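J.: Structure in structure tokens, see below.
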Amino acid sequence: MYKEFKIKSTKQVEFINITSEVNKHLKEGGIREGVLVIYIPHTTAAVTINENSDPNVSQDIIKEVNNIIPFSDNYKHFEGNSAAHIKSSLLGCSETVIVKNSRLNLGRWQGIFFCEFDGPRTRSVRLRLMSV
Amino acid sequence: MYKEFKIKSTKQVEFINITSEVNKHLKEGGIREGVLVIYIPHTTAAVTINENSDPNVSQDIIKEVNNIIPFSDNYKHFEGNSAAHIKSSLLGCSETVIVKNSRLNLGRWQGIFFCEFDGPRTRSVRLRLMSV
Amino acid sequence: MYKEFKIKSTKQVEFINITSEVNKHLKEGGIREGVLVIYIPHTTAAVTINENSDPNVSQDIIKEVNNIIPFSDNYKHFEGNSAAHIKSSLLGCSETVIVKNSRLNLGRWQGIFFCEFDGPRTRSVRLRLMSV
């Protein structure tokens, strides 16, 4: 199974919980045991797995990542969004999750987040399901 | 093959070399060529691959990661462990390693480390073996 | 399919675009749908996916990563290259890319970069192709 779906970010930097959307596509895949690769085809966005319960966790990650990689720092890239490119490489554009008993084998508190670093924009998320 | 095993961390921040434990489970999997996905189902821990020889390498990584992401920085998350969540997203909760000739195809100096960022705790490591 | 190829870095810190070399080996693999795992068997190097168009993006990432992780910071590792080990864990030694219609399913602006953090050296890149 291969799927692509769209999401819309509404801020410059924003984490969007895509767990239920990913789950929906996983069910259509009809695979019992394997792995799911979540892939972001952008260079100023990323995907991460972190706490799905208290939304302040995402807010704290965003605040600290913005501190570590300043928006302006004499970057040379002409588009002026180098901070977003750097954050994309640090967080990473793919995650591989285990599929077990036809379900995402996430931990109790884990959710999958699309990380927007240069929004607002319409973005894509791609999924590849691999069976054992 | 799917496996879960437990480890116990003994410090707040600690890297634990899990290479031999991973290897033991890989042998039971009986697969010759493929990949092994190592997955951490926690939001305040991670997995990384780095030098397995001089233990000062892990110590230096821990010290610098603690410098980059301060334990206190006016975080909003009520549990007070936001630094651990941020480190988890930066290091990442999964690694995919090549399996070749029934063995982990690691580099000469590489070992697999469980990264505890909010211990001490009992933790889980999950493994999914995929054959070509 | 499993492949290993060599590259030579010419600087201490350098990003080398390996997209076309990876593509060449992918074509030899003859697989239509699946994933490709790109694995770096070194502890002072990494792999990342980022913009392949303006080379200033790589330069900005390198400059900022060098800022975040200083070359000297009272590290204990006797070889003196702890900064390179830390960068390797932050960027990560593997990437999993979707293969679709026999091609790398990269985004429009994405390229695959070998990240040298302790060069110049001769380095290896390993590839494992998995079919659905």
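J.: Between copies, how far apart are the C:Asn101 label points? List them in nm, one decimal, shortest first, with each point 7 Å from Cα toward Cβ, please?
T.: 3.9, 3.9
J.: Send over a whole-number figure in Å² for the accessible area per residue of the range B:1-40, probe 1.4 Å.
T.: Numbers: 2000 Å² over 40 residues.
Value for the range B:1-40: 50 Å² per residue.
J.: For the pairs A:Lys3/A:Lys24; A:Lys63/B:Lys11; B:Lys24/C:Lys76; A:Lys11/B:Lys63, note any where the Cα-Cα span goes beyond 22 Å. Write down the numbers at each step before the final one.
T.: On the way: A:Lys3/A:Lys24 11 Å; A:Lys63/B:Lys11 26 Å; B:Lys24/C:Lys76 31 Å; A:Lys11/B:Lys63 33 Å.
Over 22 Å Cα-Cα: A:Lys63/B:Lys11; B:Lys24/C:Lys76; A:Lys11/B:Lys63.
J.: Residue farthest toward the positive end of the dipole of the range A:80-132, with Cβ of Lys/Arg at +1 and Asp/Glu at -1: which of A:Ser124, A:Ser88, A:Gln110?
T.: Positive-most Cα among the choices belongs to A:Gln110.
J.: Additional query: Go ahead and set up a Gaussian network model of chain C, Cα springs under 10 Å, then flag whichever of C:Glu95, C:Glu79, C:Glu21 fluctuates most.
T.: C:Glu79
J.: At each listed q (0.15, 0.18, 0.19 Å⁻¹), what is the log10 of I(q)/I(0) that the Debye formula gives for the range C:9-53 modelled as equal alpha-carbon point scatterers?
T.: -0.51, -0.71, -0.78
J.: Enumerate the calculated ³J(HN,Hα) couplings along the range A:8-14 in order (Karplus 6.51 cos²θ - 1.76 cosθ + 1.60, θ = phi - 60°), each rounded to whole Hz, writing x wherever the residue is Gly or Pro.
T.: 10, 8, 10, 10, 5, 10, 6
J.: Amide H neighbours of C:Ile18 under 5 Å, at least 5 residues apart or on other chains, H built in the peptide plane: list them.
T.: Correct list: C:Ile112, C:Phe113, C:Phe114.
J.: For chain B, with a Gaussian network of springs between Cα atoms less than 10 Å apart, report the residue from B:Lys76, B:Lys100, B:Lys27 with the top mean-square fluctuation.
T.: Result: B:Lys76 has the largest fluctuation of those listed.
J.: Next up: Using a Gaussian network model of chain A whose springs link C-alpha atoms within less than 10 Å, name the residue from A:Thr48, A:Thr19, A:Thr122 with the highest mean-square fluctuation.
T.: Checking each option, the largest mean-square fluctuation is seen for A:Thr122.
J.: Given the C-alpha centroids of the range B:28-45 and the range A:54-132, what is the distance between them in whole angstrom?
T.: Each part reduced to its Cα centre gives a spacing of 22 Å.
J.: Charges only on Cβ, +1 for Lys and Arg, -1 for Asp and Glu: so what's the dipole of the range B:69-117 about the Cα centre, in debye to the nearest 20?
T.: On the way: 5 positive and 4 negative charges, 69 e Å.
Once rounded to the nearest 20, the dipole reads 340 debye.
J.: Another question, if that's okay. Please report, for C:Thr10, the nm distances (one decimal) from its label point, 7 Å out from Cα along the beta-carbon direction, to the equivalent points in the remaining copies, shortest first.
T.: 5.0, 5.0
J.: Something else: Defining a contact as two alpha carbons under 8 Å apart and six or more residues distant in sequence, what relative contact order in percent does chain A show? Each step should come with its number before you reach the end.
T.: Values: 265 pairs, mean separation 72.1, N = 132.
In percent, rounded to a whole number, it is 55.
J.: What accessible surface, in Å², does a 1.4 Å probe find on A:Ile62, ignoring ligands, DNA and RNA and rounding to the nearest 10?
T.: Answer for A:Ile62: close to 20 Å² accessible.
J.: Mind checking the log10 I(q)/I(0) for the range A:2-131 at q = 0.17, 0.19 Å⁻¹? Debye, one equal scatterer per Cα, no solvent, two decimals.
T.: Log-scaled intensity ratios, in q order: -0.87, -1.04.
J.: Please list the equivalent ellipsoid semi-axes of the protein assembly as shown, computed as the square roots of five times the alpha-carbon gyration tensor eigenvalues, in descending order and whole angstrom. Could you put the intermediate results ahead of the total?
T.: Details: eigenvalues 138, 114, 114 Å².
For the protein assembly as shown, the semi-axes come out at 26, 24, 24 Å.
J.: To the nearest 100 Å², how much accessible surface do chains A and B hide from each other in total, with a 1.4 Å probe?
T.: On the way: alone 7630 and 7610 Å², together 12680 Å².
Buried area (both sides, nearest 100 Å²): 2600 Å².
J.: I'd like the mean, over residues of A:76-84, of how many other protein chain beta carbons sit within 10 Å of each residue's own Cβ. Display every interim value, and only then the final one.
T.: Details: counts 7, 10, 3, 5, 0, 3, 9, 2, 0.
Whole-number average of other-chain Cβ neighbours for A:76-84 is 4.
J.: Here's a follow-up. Note down the magnitude of the dipole of chain C about its Cα centre, charges +1 on Lys and Arg C-beta and -1 on Asp and Glu C-beta and zero elsewhere, to the nearest 20 debye. Don't skip to the answer; put the middle values down first.
T.: Numbers: 17 positive and 14 negative charges, 107 e Å.
Charge dipole, chain C, about its Cα centre: 520 debye, nearest 20.
J.: From the phi angles alone, apply the Karplus equation (6.51, -1.76, 1.60; θ = phi - 60°) to the range B:63-75 and give each ³J(HN,Hα) in whole Hz, x where the residue is Gly or Pro.
T.: Couplings: 4, 6, 5, 5, 5, 5, 10, x, 4, 10, 7, 6, 5 Hz.
J.: Right, something else. Between A:Pro120 and the same site in the other copies, what are the distances in nm, shortest first, taking label points 7 Å from Cα along the C-beta direction?
T.: Spacings between copies for this position, smallest first, are 5.0, 5.0 nm.
J.: Okay, moving on. Is it possible to state the helix-based mean residue ellipticity at 222 nm for chain C, with each DSSP H run of 4+ residues giving -39500 (n - 2.57), the sum divided by total residues, to the nearest 500 deg cm²/dmol? What is it?
T.: Details: 3 runs with 34 residues, N = 132.
Theoretical 222 nm ellipticity from helices: -8000 deg cm²/dmol.
The values are calculated or read from the model by the stated rules, or taken from the named source; none is laboratory data. Just so we're clear, the structure is a prediction, and the values are computed from it rather than from any experiment. Neighbour counts are summed over all protein chains in view; Cβ atoms, including those assigned to glycine, are modelled from backbone coordinates with ideal geometry. Ligands, DNA and RNA are stripped out before the accessible areas are found, and what is left, the full protein with its side chains, is counted by its heavy atoms. Shrake-Rupley method; radii C 1.70, N 1.55, O 1.52, S 1.80 Å.
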